[in-house]
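As structure tokens, the structure follows; a few thoughts come after it.
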Amino acid sequence: MAARQRNGKPVRRALGVIALLLCALLVGVVTAVLGVRNRFASGGVRSGVWATNAHIGSSGAGPYLRAGVALGGLLALNAGETVYYTATTDESGASLGTSCEYRVEGREPDTRWWSITAYGDDHFLIPGSNGRYSVDGTTVEKGADGSFVVRVGGAPRAGNWISTGGAGASRPFSLTLRLYNPDPSIVGDLAGAPLPRIVREACS
Amino acid sequence: MRGAGWGRWLLLAVVVAAVAHVLTVWLLPRAVMRVATNRLAELAGFNHAVYPPRADERARAIVRPSPDLLYASCAFDVASGPVRIRAVVPQDTYWSLSMFAANTDNFFVVNDRAVTAGAVDLVLAASGTKVDLPPGATLVEAPSARGIVLTRAVVAGTDRLAELDEVRRRFTCAPL
């Protein structure tokens, strides 16, 4: 009160304080959302380009991971039931984009059932994919040793191919690898699981 | 004097930012789960099973749906009493029934390998509720009044779609 009288500009000062506190509020909310997004995309454990977290779906999840899962994987199961790995970049570290074609190559993971699915940057299946959203362990074409090559993006192909929606502006996308009832050796060493490589081939 | 005055407000600003940060992180999963639960409840009401079509690009209720699974779900509300959840387990494919609390935690899960009787019969109730369990049913305590029950079945190739869909529709969710 004393300061107000001395300054003689109480209105300006009050507006300044309100602006300052609104900025503080905004900073608090924005840093929270950024922290949460980061935690889901890159936090936890990585095996190659694939990121996951042992506490997805579990009540042991910390507040940041819980919030991150709510945004990017609501209703996910815990690791003993299903491990979800997500990749947002190729082997070179470049972000996955719908104007490029990729080769996903690897060997069948040690799990009861698996699938690889492409999602748009809104976390939903990509429009214009004509049903080619994923490949899975029961229908993938593979060699006698369990090795496979899946093409992602580019022109439609027969066999192992996942669409990223075809022509149009390039948008980021991500791949999710689901391992249902994984072998305990995977759950016990999420960072050491041998997972497919994602190699960029060509961009339009 | 002027500098000291602003110093106090700056300190308050730091506190406001910190509180807003913590509250956002805490509220976010609860708000997202609430929206999802209410969306499900809009389809059939609380404590009522929903059998959505196989996920494609039009499925926009829940993020990152799998196009290789058939889901059945139910928005539960045990505030006014226990809810009975029953399901038949399909043969020779991955199947699970899981329950999620209002803070998104997966508080219950059972899969086809753990079920020996070919079916599950559960009674979901708020913790501390006295429940007259029907014979053969198992009690599950819900950590929150509202949440979501979800079943998943792998549709391994489309040739079993009709059969698995029929089994899925035997999942029911109703007040006890």
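Does anyone have the angle between helix B:2-44 and the longest principal axis of chain B? Alpha-carbon axes, 0 to 90°, nearest 10? Its long axis makes an angle of about 10 degrees. In segment A:124-150, the residues that give up 50 Å² or more of accessible area when the other protein chains are added, compared with the chain on its own (1.4 Å probe), are A:Phe124, A:Leu125, A:Tyr133.
Just the protein heavy atoms count here, and of the accessible area of segment B:10-59 at 1.4 Å, carbon and sulfur take up 71 percent. Couplings 3J(HN,Hα) of segment A:128-136, computed from phi: x, 8, 6, x, 8, 8, 7, 10, 9 Hz, in residue order, whole Hz [Karplus 6.51 cos²θ - 1.76 cosθ + 1.60, θ = phi - 60°; x for Gly and Pro]. Annotation for segment B:1-48 versus segment B:83-103: alpha-carbon center distance of 32 Å. Remark on segment B:45-86: accessible area falls by at least 20 square angstrom from chain-alone to full-complex state for B:Asp56, B:Glu57, B:Arg60, B:Ile62, B:Val63, B:Arg64, B:Pro65, B:Ser66, B:Pro67, B:Asp68, B:Leu69, probe 1.4 angstrom.
Under conditions of 4 °C and 1.567 mPa s, chain B yields 71 µm² s⁻¹ as its translational diffusion coefficient, taking Rh as the Kirkwood radius over Cα pairs in the Stokes-Einstein equation. Centre-to-centre, using Cα atoms only, segment A:114-176 and segment A:82-100 are separated by 12 Å. With springs connecting C-alpha atoms under 10 Å apart, model chain B as a Gaussian network and identify which of B:Leu12, B:Leu164, B:Leu40 has the largest mean-square fluctuation. Sorting by GNM fluctuation, first place goes to B:Leu12.
Relative contact order, whole percent, for segment A:93-147 stands at 39, derived from Cα pairs under 8 Å and 6 or more residues apart. Computed from Cα positions, the angle between helix A:63-72 and the longest principal axis of chain A comes to roughly 60 degrees.
For segment B:27-107, the solvent-accessible area with a 1.4 angstrom probe is 40 square angstrom per residue. Ligands, DNA and RNA left out, the 1.4 Å accessible surface of segment A:92-204 is 49% carbon and sulfur atoms.
Summed over both chains, the area buried between B and A is near 4700 Å², taken from the accessible surface of protein heavy atoms with a 1.4 Å probe. By a 1.4 Å probe calculation restricted to protein chains, A:Ser147 has an accessible surface near 40 Å², given to the nearest 10. Taking the DSSP bridge list for the protein assembly as shown and keeping only pairs wholly inside it, about 90 percent are antiparallel. Calculation over all alpha carbon pairs of the protein assembly as shown in 10 angstrom steps from 0 returns a P(r) of 5, 21, 28, 22, 12, 7, 4, 1, 0 percent.
Cα extents for segment A:73-204 along the principal axes, largest to smallest and rounded to whole angstrom: 42, 36, 29.
I'd like the antiparallel share, as a percent to the nearest 5, of DSSP beta bridges with both residues in chain A.
If we restrict to bridges inside chain A, about 95 percent are antiparallel.
Taking the 1.4 Å solvent-accessible surface of segment B:101-176 as the whole, the part contributed by carbon and sulfur is 52%. Listed as lacking a disulfide-compatible partner in chain A: A:Cys23, by the criterion of no other cysteine Cβ under 4.7 Å. Seen against the Cα atoms of chain A and their longest principal axis, helix A:10-42 is set at about 10 degrees. Remark: segment A:97-112, residue by residue, has Karplus-estimated 3J(HN,Hα) of x, 6, 8, 10, 10, 10, 10, 9, 10, x, 10, 3, x, 7, 7, 5 Hz, where x stands for each Gly or Pro and the curve is 6.51 cos²θ - 1.76 cosθ + 1.60 at θ = phi - 60°. Residues of segment B:94-118 with accessible area at least 30 Å² lower in the all-protein-chain context than alone (1.4 Å probe)? Relative to the lone chain, where solvent access is computed with a 1.4 Å probe, segment B:94-118 loses at least 30 Å² at B:Tyr94, B:Phe100, B:Thr104, B:Asp105, B:Asn106, B:Val109, B:Asn111, B:Arg113. For segment A:111-151, the solvent-accessible area works out to 40 Å² per residue, with a probe of 1.4 Å and every protein chain left in place. Taking amide H positions as modeled 1.01 Å from N, with prolines and chain starts lacking one, the residues under 5 Å from B:Ala142 and 5 or more places away or on another chain are B:Ala125, B:Ala126, B:Ser127. In percent, rounded to a whole number, the relative contact order of chain A is 27, using alpha-carbon pairs under 8 Å and six or more apart. In this simple spin-label approximation, B:Leu11 and B:Gln91 carry label points 7 Å from Cα along the Cα→Cβ vector, and these lie 7.4 nm apart. For chain B, the relative contact order comes to 28 percent (Cα pairs under 8 Å, sequence separation of at least 6).
The values are calculated or read from the model by the stated rules, or taken from the named source; none is laboratory data. Given the structure is predicted, the values throughout are model-derived calculations rather than measurements. Ideal geometry is used to build each Cβ from the backbone, glycine not excepted, and the neighbour counts take in all protein chains shown. Calculation scope for accessible area: heavy atoms of the full protein, side chains included, ligands and nucleic acids excluded. Shrake-Rupley method; radii C 1.70, N 1.55, O 1.52, S 1.80 Å.
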